[in-house]
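Single-structure report; data block below.
FYI, it's all coordinate maths here, none of it is from the lab. Everything quoted here is computed from the prediction, not taken from an experiment. Note that we place each Cβ from the backbone using ideal geometry, even for glycine, and neighbour counts take in every protein chain shown.
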Amino acid sequence: MYKKNIYKIKSNEQIANLVYKMVLEGDTSYIAKPGQFINIEIKEFYLRRPISICDYDENTITIIYKIVGQGTEKLSQMKEGEMLDILTGLGNGFETKNSKENPLLIGGGVGTPPMYGLCKKLIEEGKKPIVVLGFNSKEDIFYEQEFKNLGAKVYISTVDGSYGTKGFVTDIIKTLENYDYYYACGPINMLKAVYEKIETKGELSLEERMGCGIGACMGCTINTKTGPKRVCYNGPVFKKEEIIW
């Protein structure tokens with residue numbers, strides 16, 4: 001179930017290389033799970049921009065996004081007090097009930113934000129998540145301290161070795177043992193590598209180009225082991241055993 005509403009920008013600040021954090025004020029009652037997304041109307045652009053939810057409370061939604069085109073560039077230029085037309089409550093999020101005591105959370109680049117809301121929820125349920133985040137370089141890193149502030153154990157990898165472990169998230173994961181389920185969100189190559197290298201059951205958040213964001217246009221349909229599924233409606237989160245690469 002989704003809802004269209006108007007939201008006020010409380011803040012919009014750069015937190016890493018080309019990465020911005022925006023806090024929106026408005027109705028959050030249609031958000032049910034970590035891993036869901038919102039769809040933002042940006043004036044002068046025909047299609048809305050889908051952005052994953054990082055965190056939310058009774059009155060605010062926090063999103064973290066990267067400038068990857070003209071739409072997100074314009075979003076980065078918006079100021080406190082400006083209004084946005086947004087669809088909320090979109091997508092099928094992560095199921096925290098599927099994990100046991102020590103879930104592994106894997107975020108790559110701007111796949112990191114939904115891991116924060118998920119981590120927060122898991123800790124509220126008394127679980128002890130292990131967080132592995134991957135970035136290209138030190139200047140791209142964000143939210144390391146925020147995860148630590150929640151009480152999570154955090155590991156960072158960078159491709160160029162400028163911070164943390166040199167390499168990829170899988171280079172860290174192969175050194176870990178005490179996890180019993182995993183959740184992942186990030187670039188498709190990262191998700192494929194995680195899928196292939198981790199035998200434990202898990203859930204992956206996929207990304208596809210979206211037209212409507214509500215399951216009507218069928219533009220983000222993918223093939224799964226249980227038939228065609230719409231990423232915006234049936235996903236973006238899918239169980240590992242459903243996915244066909």
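P(r) tail for region 55-200, what percent of Cα pairs lie past 24 Å?
Values: 3682 of 10585 pairs.
That fraction is 35 percent.
May I ask you to list the GluC sites (Glu not before Pro) in region 1-104 that are in a DSSP loop and have at most 10 other Cβ atoms within 10 Å of their Cβ?
Numbers: sites: Glu13, Glu25, Glu41, Glu44, Glu58, Glu73, Glu80, Glu82, Glu95, Glu101; in loops: Glu44, Glu58, Glu80, Glu82, Glu95, Glu101.
Those satisfying the criteria are Glu44, Glu58.
For the chain, Cys54, Cys119, Cys185, Cys220, Cys232 have no disulfide-compatible partner, since no other Cys C-beta lies under 4.7 Å from theirs. Within the straight-line cut-off of under 19 Å between alpha carbons, the lysines reachable from Lys10 are Lys21, Lys43, Lys66, Lys74, Lys79, sequence neighbours fewer than 8 places apart in one chain being disregarded.
For region 3-90, the C-alpha radius of gyration divided by 2.2 N^0.38 Å, with N the number of residues, is 0.98.
Cα centroids of region 38-57 and region 159-228: 21 Å apart.
The largest-to-smallest principal axis extents of the Cα set in the chain are 47, 41, 33 Å. Partner lysines whose Cα lies under 20 Å from the Cα of Lys192, excluding those fewer than 8 positions away in the same chain, are identified as Lys166, Lys174, Lys201, Lys225, Lys229, Lys239, Lys240. Working from Cα positions, state the angle (0 to 90°, nearest 10) between the long axis of helix 188-197 and the longest principal axis of the chain. Roughly 30 degrees between the two axes. Looking at the chain, the DSSP beta bridges with both ends there are about 65 percent antiparallel.
Between the Cα long axis of helix 113-124 and the first principal axis of the chain there is an angle of about 70°, rounded to the nearest 10.
Provide the gained length on full extension for the span Ala216 to Asn189, in nm with one decimal, where the gain is 0.36 nm per separating residue minus the Cα-Cα distance. It would help to have the intermediate numbers written out before the result.
Numbers: separation 27, 0.36 × 27 = 9.72 nm, distance 2.78 nm.
Contour length minus Cα-Cα distance gives 6.9 nm.
Starting from region 200-245, pick out the trypsin sites (Lys or Arg not before Pro) whose DSSP state is loop and whose Cβ has at most 16 other Cβ atoms within 10 Å. Taking region 200-245 and a limit of 16 other Cβ atoms within 10 Å, the loop trypsin sites (Lys or Arg not before Pro) found are Lys201, Arg209, Lys225. The calculated 222 nm mean residue ellipticity attributable to helices in the chain amounts to -4500 deg cm²/dmol, summing -39500 (n - 2.57) over DSSP H runs of n ≥ 4 and dividing by all residues. Take the Cα of Lys225, step 7 Å toward its Cβ, do the same at Thr165, and the gap between the two points is 2.6 nm.
Highest mean packing comes first when the peptides 174-182, 124-132 are listed by Cβ atoms within 10 Å, giving 124-132, 174-182. Using 12 Å as the cut-off for backbone N distance, which residues of region 66-86 belong to the label zone defined by a point 7 Å from the Cα of Gln14 along Cα→Cβ? So the set is 67, 76-77.
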